[in-house]
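Have a look at the structure below, then the notes.
The values are calculated or read from the model by the stated rules, or taken from the named source; none is laboratory data. In this text the structure is predicted, and so the values were computed from the model without any measurement. As a convention, Cβ positions derive from the backbone with ideal geometry for all residues, glycine included, and neighbour counts pool all protein chains shown. Areas reflect the complete protein model, heavy atoms only, side chains present, ligands, DNA and RNA absent. Shrake-Rupley method; radii C 1.70, N 1.55, O 1.52, S 1.80 Å.
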Amino acid sequence: MILVLNTGSSSIKAAIFDSTLSEIATATLTGLGDTDGMATLKSGATSTQIAAPDHAAGITAILNALQGHDVTSVAHRVVHGGTALTAPCKIDAQVIATIEANVPLAPLHNPPALAGIRAMANARPDLPQYASFDTAFHATNPDVATAYAIPQNLRDLGIRRYGFHGLSYASMVDHFGADLPARLLALHLGNGASLCAIHNGTSAASSMGYSPLDGLTMGTRSGAIDGMAVLRIAEDHGLAEANRILNKESGLKALGGTNDMRSLTASDTPQAAFAVDHFCYWAARHAGSAIVAMGGVDAIAFTGGIGENAPDIRAKIMGHLSFLGDLPIHVVEAQEERQIARDAQRNGAI
Ligand code: ADP
């Protein structure tokens, strides 16, 4: 069996899959790094408070919670593979060094993933480890789509578009199998939101760029915003605060008072209605761009918490795209953890 780990700065999500890729068990640790050193561990129906001052302690707690299962390999979600790690792989010293080298590209996301990989290597050195990258699916985007028109020395630093939510889109491709439409506009609409032009099974364009901030209006991220406006915010508030504002205080939360789409659609305030309008309008605007990248569109697929559960939002976005005529619309369950297990299995894990 394979243990899939999604290690974030304050949480670790774990799921065990068997060789048929059925989910056997899950455990989630939240509140990691809280000042009191205590975290909440949920496994099955039980929830307990445990001492977990760091990721190593968190991994130990997860392993204890899941100890009844015969785990033979571990697979990690890593947000940023950069330009070098463009496919899922088995983890060795070189891969760890490359993930480490990509920390400047994903300063919030790659360090916790590395901490998880290292903690696992210490706790269970006998288990082979694998990695799947949220950027990798977009490695097929052409240079013209990924390059920013900025000086060469800056492009040499890796300042370019990457795209994210790749595990979700890769799992969607697997979901369709032989029935995959040639030109599929895929929208992953959750707290983070993006869309992807999937052309003959590979990514041709992503609405996300250098970071997951770009593109659609999101739960707490602004989505696309002019670089000069970003500079102005940084000038007025400082870099760290500008970062926080754009990533944590913007998007639906800034426009409608909450990042929770369900609450917004249930609310009758004009602010909530505007936030919903903004979300749908910009999803459709970016859809137009992605459709150009594929030279047309044959079908549309929605996934993510909003994409799967909010038919009114899907309808509103499709309303903006009605000029495209009748298109098949699919709703697909996001299965990023299963995709990580599938990737590891393809690399020989189980
Ligand atoms: P994350 O990106 O954090 O994984 P999810 O994919 O779980 O997030 O999506 C969370 C979003 O989905 C929230 O905005 C939530 O309100 C929204 N959502 C979930 N169910 C519904 C629903 N029935 N109607 C509208 N929005 C929903």
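So, in Å, what gap is there between the alpha-carbon centers of the stretch 93-120 and the stretch 208-237?
24
For ALA121 and ALA229 in the same chain, what is the full-extension length gain: residue separation times 0.36 nm, less their Cα-Cα distance, in nm?
Fully extending the segment from ALA121 to ALA229 adds 34.5 nm.
Give me the extension gain from LEU324 to ASP298: residue separation times 0.36 nm, minus the current Cα-Cα distance, reported in nm with one decimal.
Separation in residues times 0.36 nm, less the Cα-Cα distance, equals 8.4 nm.
For the chain, what is the accessible area per residue in Å² when the probe is 1.4 Å?
Accessible area per residue: 45 Å².
Starting from 0.36 nm per residue, how many nanometres of slack lie between ILE150 and TYR210 once their C-alpha separation is accounted for?
Length gained, ILE150 through TYR210: 20.3 nm.
Helix 311-320 versus the longest principal axis of the chain: what is the Cα-based angle in degrees, 0 to 90, to the nearest 10?
40
Can you list, bin by bin at 10 Å, the percent of alpha carbon pairs in the stretch 16-55, starting at 0?
All Cα pairs considered, the percentages come to 30, 38, 24, 8, 0.
So what's the stretch 25-177 giving for Cα Rg divided by 2.2 N^0.38 Å, two decimals? Each step should come with its number before you reach the end.
Working: Rg = 17.7 Å, N = 153, 2.2 N^0.38 = 14.9 Å.
Scaled against compact globular proteins, the figure is 1.19.
How far is it, in nm, from the label point at ASN309 to the one at ASP18 when both lie 7 Å from their Cα along the line to the Cβ?
Taking the two extended label points, one gets 2.8 nm.
When the helix-only estimate is applied to the chain (DSSP H runs of n ≥ 4, each -39,500 (n - 2.57), divided by the residue count), what is the mean residue ellipticity at 222 nm, nearest 500 deg cm²/dmol? Before the final figure, lay out each step's value.
Numbers: 14 runs with 138 residues, N = 350.
Taken over the chain, the calculation gives -11500 deg cm²/dmol.
So if I average 1/r over every pair of distinct C-alpha atoms in the chain and take the inverse, what Kirkwood radius in Å does that give?
Here the Kirkwood hydrodynamic radius works out to 21.0 Å.
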